[in-house]
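Below is one structure, written out as structure tokens; comments come after it.
The values are calculated or read from the model by the stated rules, or taken from the named source; none is laboratory data. It should be emphasised that the depicted structure is a prediction, and the values quoted were computed from it without experimental measurement. Cβ placement follows ideal geometry from the backbone for every residue including glycine, while neighbour counts extend to all protein chains displayed.
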């Protein structure tokens, strides 16, 4: 708690995140922003609203986060330029319920389904195309999912988990249509997508009309 408060007081809070304040202005690529955070009324335990919000926002503690996310997008653009555009299909009825398929060159290849991160609030399949090249070159199909943000789901992560599960079931049922081996389906996720991957790994797939051992491994 004290570390968080000390960090916030040494930084300048802006609407889009933070810029480093005078104490850190000599660091590379840093600018001097508005005055450091001044503690306000406590809204929970001994944290004010700014401190409480910061506890749930990684960008307060990873100043290069936005730059890294932009690199995900540019690297994904470069990947599509080399591999070609993926096959885009819908796994559900709403516009967000789609997935991108990057296919391997050999038939009956294993399938890896990737669940992107973004603090449950952001992220898109198009910006997580960059791992595809590694999988495709190794002889596996790479499938990356889109799903609702938790804000669009009115704070209900169960909506996101349901979409991810249905996307995985769609991939299993339709693997043969893009040359996938239905018996070699693997899933993985990053950050909040890692959480959704864990949810998927504990799913009773028979309730979704799929084999109980549909997933052969998770990352």
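Taking residue 20 as the residue in question, decide whether it is surrounded by 12 or more Cβ atoms within 10 Å (Cβ to Cβ) and either in the same structural domain as residue 105 (by TED's automatic domain parsing) or modelled with pLDDT of 90 or more (or both). Spell out how you get there, then give the answer.
Details: surrounded by 12 or more Cβ atoms within 10 Å (Cβ to Cβ): yes; either in the same structural domain as residue 105 (by TED's automatic domain parsing) or modelled with pLDDT of 90 or more (or both): no.
No: the conditions fail for residue 20.
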With respect to residue 150, determine if the residue is in contact with a helix residue (DSSP H, G or I) (Cβ under 6 Å, 6 or more places away or on another chain) and part of a helix (DSSP H, G or I).
no
Members of segment 106-127 that are in contact with a strand residue (DSSP E or B) (Cβ under 6 Å, 6 or more places away or on another chain) and over 18 Å from residue 198 (Cβ atoms):
108, 109, 110, 111, 125
Test residue 72 against the stated conditions and say whether it is within 14 Å of residue 117 (Cβ to Cβ), touching a residue at least 24 places away in the same chain (Cβ under 8 Å) and either surrounded by 13 or more Cβ atoms within 10 Å (Cβ to Cβ) or not assigned by TED's automatic domain parsing to the domain that holds residue 130 (or both).
yes
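Looking at 92, 40, which is the one that is part of a loop (DSSP other than H, G, I, E, B) and touching a strand residue (DSSP E or B) at 6+ places or on another chain (Cβ under 7 Å)? Outline the logic, then answer.
Working: 92 fails: touching a strand residue (DSSP E or B) at 6+ places or on another chain (Cβ under 7 Å).
Testing whether each residue is part of a loop (DSSP other than H, G, I, E, B) and touching a strand residue (DSSP E or B) at 6+ places or on another chain (Cβ under 7 Å) leaves just 40.
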Please determine whether any residue of segment 50-58 is under 29 Å from residue 132 (Cβ atoms), modelled with pLDDT of 60 or more and touching a helix residue (DSSP H, G or I) at 6+ places or on another chain (Cβ under 9 Å).
yes
Options 167, 200, 175; residue that is under 11 Å from residue 111 (Cα atoms) and surrounded by 15 or more Cβ atoms within 10 Å (Cβ to Cβ)
175
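Residue under question is residue 127, and the condition is that it be assigned to a strand (DSSP E or B), under 21 Å from residue 70 (Cα atoms) and in contact with a helix residue (DSSP H, G or I) (Cβ under 7 Å, 6 or more places away or on another chain); does it hold?
Numbers: assigned to a strand (DSSP E or B): no; under 21 Å from residue 70 (Cα atoms): yes; in contact with a helix residue (DSSP H, G or I) (Cβ under 7 Å, 6 or more places away or on another chain): yes.
Considered against the rule, which asks whether it is assigned to a strand (DSSP E or B), under 21 Å from residue 70 (Cα atoms) and in contact with a helix residue (DSSP H, G or I) (Cβ under 7 Å, 6 or more places away or on another chain), residue 127 comes out as no.
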Do you know which residues across segment 95-124 are within 15 Å of the chain's Cα centre (by Cα) and not in a loop (DSSP other than H, G, I, E, B)?
98, 99, 100, 113, 114, 115
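Out of segment 203-219, which residues are exposed (fewer than 14 other Cβ atoms within 10 Å of the Cβ) and part of a strand (DSSP E or B)?
Our first condition is that a residue be exposed (fewer than 14 other Cβ atoms within 10 Å of the Cβ); within segment 203-219, this holds for 204, 206-207, 209, 211-213, 216-217, 219.
Residue satisfying the conditions is 217 alone.
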